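The values are calculated or read from the model by the stated rules, or taken from the named source; none is laboratory data. Computed from a predicted structure; not experimentally measured. Backbone-built Cβ (ideal geometry, glycine too); neighbour counts: all protein chains shown.
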Amino acid sequence: MIRPSSLGLIVLCAIIPLYGTLAALDPSRPPIPRVVPDGVAAATLVVVLAALVAIAPAAARAARRDALTFALLIGGIDSVVASLLGFDPVVGVGAALLILGVGAAGLALARDADAATLRACVRAFLISGAAASLLALAMAFAHRPAAVFAYYNGRAVGSFLNPNELAAFTLMGLAFALPLAWRSRGRDRLAVGAAVVFALTLGATFSRWGVLSAVCGIVAYAALTRARGLLLGALAVAVLGVGLDIAAGARHHNPRDTEARTVAWQAGLTTIARFPLTGVGIFAYGRTYDAVRPPDAPGSRTPVAFDPHSLPIAYAAEGGMLVLVSLIASLAIVLRQVVGTARSSVGTPRALAFGLTAGLVALLVDGGINTVSIFLPLYLQMVPLALGVVRTDAY
């Protein structure tokens, strides 16, 4: 019989494509077309909370007084502090506790889960990710819902908050699927099929920065595995991405997006300058936007007002140096452990661990000019999963 903690871990890995739907529960959410009704968003939150409760015993067993425990839990703890001192403590603390729970799930994956659970988590992520990507492709192809299709200029979005977030998700999806497909020499049909779907979806988002991030991920994987041939693959992807942008990409981008992003960065940097230590609080950026935005910037009911459109700026603006420094320290610790354990392993576990490391590199590059709300689940759950796979030799 499957353990409740194992079931909770599998559910959390499968439900990542729906994390963006939780934004529908925020009363101050930006006025953008909604794909998922409030009831579905509420049900998603209930499932996530139930899964976190189920994994609590496993997370407690996995906790130590060491660097990895610090790395996976410090972000949630610091976010609680920043939110208590911020402008929306109720919403902020709730989100911070969710972050803490996701970090605890990553700890359980890295140290407590058995090989069967880890394999199930990988498969659950690939299946749900491919299904979410197919939904996004179908919506874009069918031009439905019409309001969503028009708002995003025909770019694929699916259940995600925006096309850039979907593009970021496909980067981590490819980090899973490609190593598994390659090591199985095509026999892993789920991995092969998911890789094809993720690649097509990345193209359908028309995310130019997403394609560049994918190239950076391929280069990182080639450097880690010393596979020079992959550098040619990275060059091919870059050329394909440039060609796609020249041929069709411009038709799917609003020229004002670049200007809006510049304004968002300016407002974010001003927020950091005024609240450098603990920021304005998690998810409280929109409450102070009007006071810091440039005079000619879009108003407080536009999407620009709800995040600075850059991952590092967003973390520094909402959590201050407290959260940003802890995130950098967390990344350094986790990356060092994953790369170190991967170098001492062989076969599929080694390839998957290096793949997830490269996926995280791609995700960080993408976050340079995008705020990705699912960054923390992808980082705190998926990268520690590599430690678990290497520990148990799950493949």
**Q.** Considering residues of the range 270-301 that are aromatic (Phe, Trp, Tyr) and free of Cβ contacts under 8 Å to residues at least 40 places away in the same chain only, the residue farthest from Ala316 (Cα to Cα)
**A.** Tyr289
Q: Could you identify the single residue in Val48, Val91, Val53, Val81 that is within 21 Å of Leu166 (Cα to Cα) and either out of contact with any strand residue (DSSP E or B) (no Cβ under 8 Å at 6 or more places or on another chain) or among the β-branched types (Val, Ile, Thr) (or both)?
A: Val48
(Q) Just to verify a result, which residue in the range 147-185, among those that are assigned to a loop (DSSP other than H, G, I, E, B) and of a type in the set (Gly, Ala, Ser), is surrounded by the fewest Cβ atoms within 10 Å (Cβ to Cβ)? (A) Ser184
Q: Please work out if Ile282 is under 13 Å from Ala82 (Cβ atoms), crowded, with 22+ Cβ neighbours inside 10 Å, of a type outside the set (Gly, Ala, Ser) and modelled with pLDDT of 90 or more.
A: yes
Q. Any idea which of (1) in contact with a Pro (Cβ under 8 Å, 6 or more places away or on another chain); (2) at pLDDT 95 or above; (3) closer than 21 Å to Pro377 by Cβ is the one Leu327 doesn't satisfy?
A. (1)
Q) Residues of the range 184-218 being aliphatic (A, V, I, L, M) and without any contact (Cβ under 8 Å) to a residue 24 or more places away in the chain, which ones? A) Val192, Ala195, Val196
**Q.** Positions within the range 1-34 being at pLDDT below 80 and part of a loop (DSSP other than H, G, I, E, B), in sequence order
**A.** Met1, Ile2, Asp26, Pro27, Ser28, Arg29, Pro30, Pro31, Ile32, Pro33, Arg34
Q: Kindly provide the set of residues from the range 186-202 that are assigned to a helix (DSSP H, G or I), surrounded by fewer than 20 Cβ atoms within 10 Å (Cβ to Cβ) and in contact with a helix residue (DSSP H, G or I) (Cβ under 8 Å, 6 or more places away or on another chain), ordered by number.
A: Leu190, Val192, Gly193, Ala199, Leu200
